[in-house]
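Taking it in order: structure first as structure tokens, then the write-up.
Every read-out reported here was derived from the displayed coordinates using simple, explicitly stated rules and does not represent laboratory data. For clarity, every value in this text was computed on a predicted model and none was experimentally measured. Here the Cβ positions follow ideal geometry from the backbone for every residue, glycine too, while neighbour counts run over all protein chains shown.
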Amino acid sequence: NCINIADSPMARVRMSCLALARLIQDHLGMETIIHFTTRDRNLMAIQSELLGAHALGIRNILALTGDPLQVGDYPNTTGVWDVDSVGLIGVMRGMNEGHDAAGSPIGARASFHIGTALNLNMTEEQAEQEIEKYRRKIDAGAHFIMTQPIYEPAPLLRFLERVGTPPIPMILGCTPLHSSRHAEFLHNEVPGITIPDDVRARMRVAGEHGDEEGLKLAQELLSATRTMVQGVYLMPSYGRYDVVAKLVKMLQNPTPAI
């Protein structure tokens, strides 16, 4: 098991993902996966922080370009993006080979476990571009895939039909819903998340029982896709760790079929 640590998601300031990862590993003894973006760092800073992460025992890195600054609290801040997520994967692959982005030796081979993100919620217009980027990430040296959250099996099935089984493990994203308002916000305001009409309708009908319906939807999704992926990562919204904890218990102790 691992704990995921985002890197100022939705372009809002949060504690350094490296510092929090070290604290978690020190106090809980658990592995972490840090989400590392190229939005806020130039190429030198990226490599400096990666070397620091390695020295601190942080090995699992999800390579991300980063949410656009316009959606966050500092829309007038300048993004860097010397490299995108594909370039970041290449930088870490180079470090694993023993050199930096300029080809200079770094003294020893690094041992990063390199992750890449995948948006399964692509439209038909986006499909060709998204799949091409997915293939570039694999070619660049990614070791595992973490998907954006989905709320029905269809996006995953469409992806697998288009490209076949990925050559590296895929970890499915799941954010349990806890109200109709939550579902509408994710669908309309968060880049990369699409929630089907029937799912949002179920959440509206659930009313004050949104927590229960959201958990039921998540359990249905994970039961339907468990043979198609190699793992799942659970993401609470608005600090609702209690909802995710309930889902973990439900998955560990499934209700027997009648």
Report task. Round to the nearest 10 and give me the degree value, 0 to 90, for the angle of helix 43-55's Cα axis relative to the longest principal axis of the chain. Result -> 80 degrees
Report summary line: For the chain, the dipole about the Cα centre with charges only on Cβ (Lys and Arg +1, Asp and Glu -1), to the nearest 20 debye, works out at 520 debye
Query raised in the report: Which of 68, 78, 95 sits farthest toward the positive end of the charge dipole of the stretch 6-96, with +1 on the Cβ of Lys and Arg and -1 on the Cβ of Asp and Glu?
Result: 95
Report task. Within the stretch 119-148, find all residues whose amide N lies under 16 Å from a label point positioned 7 Å from the Cα of residue 93 along Cα-to-beta-carbon. Result -> 132-145
Query raised in the report: For the chain, with the dipole built from +1 on Lys and Arg beta-carbon atoms and -1 on Asp and Glu ones, taken about the Cα centre, which of 185, 206, 54 lies farthest toward the positive end?
Result: 54
Query raised in the report: Given 127, 107, 140, which one lies farthest toward the positive end of the charge dipole of the stretch 54-165, if we put +1 on the Cβ of every Lys and Arg and -1 on the Cβ of every Asp and Glu?
Result: 107
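Output the antiparallel fraction of DSSP beta bridges having both residues in the chain, as a percent to the nearest 5.
Numbers: 1 of 25 bridges.
The answer is about 5 percent antiparallel.
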Query - Correct option for mean projected area of the Cα convex hull in nm² [calculated from the coordinates] among (1) 15.0; (2) 12.0; (3) 13.8 - result: (1)
**Report entry** Three semi-axes of the equivalent ellipsoid, the stretch 10-162, Cα gyration tensor, whole Å, largest first
**Finding:** 26, 19, 17
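May I ask you to work out the translational diffusion coefficient for the stretch 85-216 at 37 °C, viscosity 0.692 mPa s, via Stokes-Einstein with Rh from the Kirkwood sum over Cα pairs, reported in whole µm²/s?
Working: Rh = 16.8 Å.
The Stokes-Einstein estimate is 196 µm²/s.
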Report summary line: Using alpha-carbon coordinates alone, the radius of gyration and Dmax of the stretch 45-96 in Å work out to 12.8, 36
Query raised in the report: Where the centroid of each part is defined by its Cα atoms, how far is the stretch 216-240 from the stretch 46-105 in Å?
Result: 28 Å
Report summary line: Restricting to Cα pairs under 8 Å and 6 or more apart, the percent relative contact order of the stretch 1-95 works out to 33 percent
**Report entry** Separation in nanometres of the label points that stand 7 Å from Cα toward Cβ, at residue 13 and residue 25
**Finding:** 2.7 nm
Query raised in the report: Put a dot 7 Å past each Cα toward the Cβ at residue 51 and residue 126; how far apart are the dots in nm?
Result: 3.7 nm
**Report entry** Protection proxy ranking of 60-70, 180-190 - average other beta-carbon atoms within 10 Å, highest first
**Finding:** 60-70, 180-190
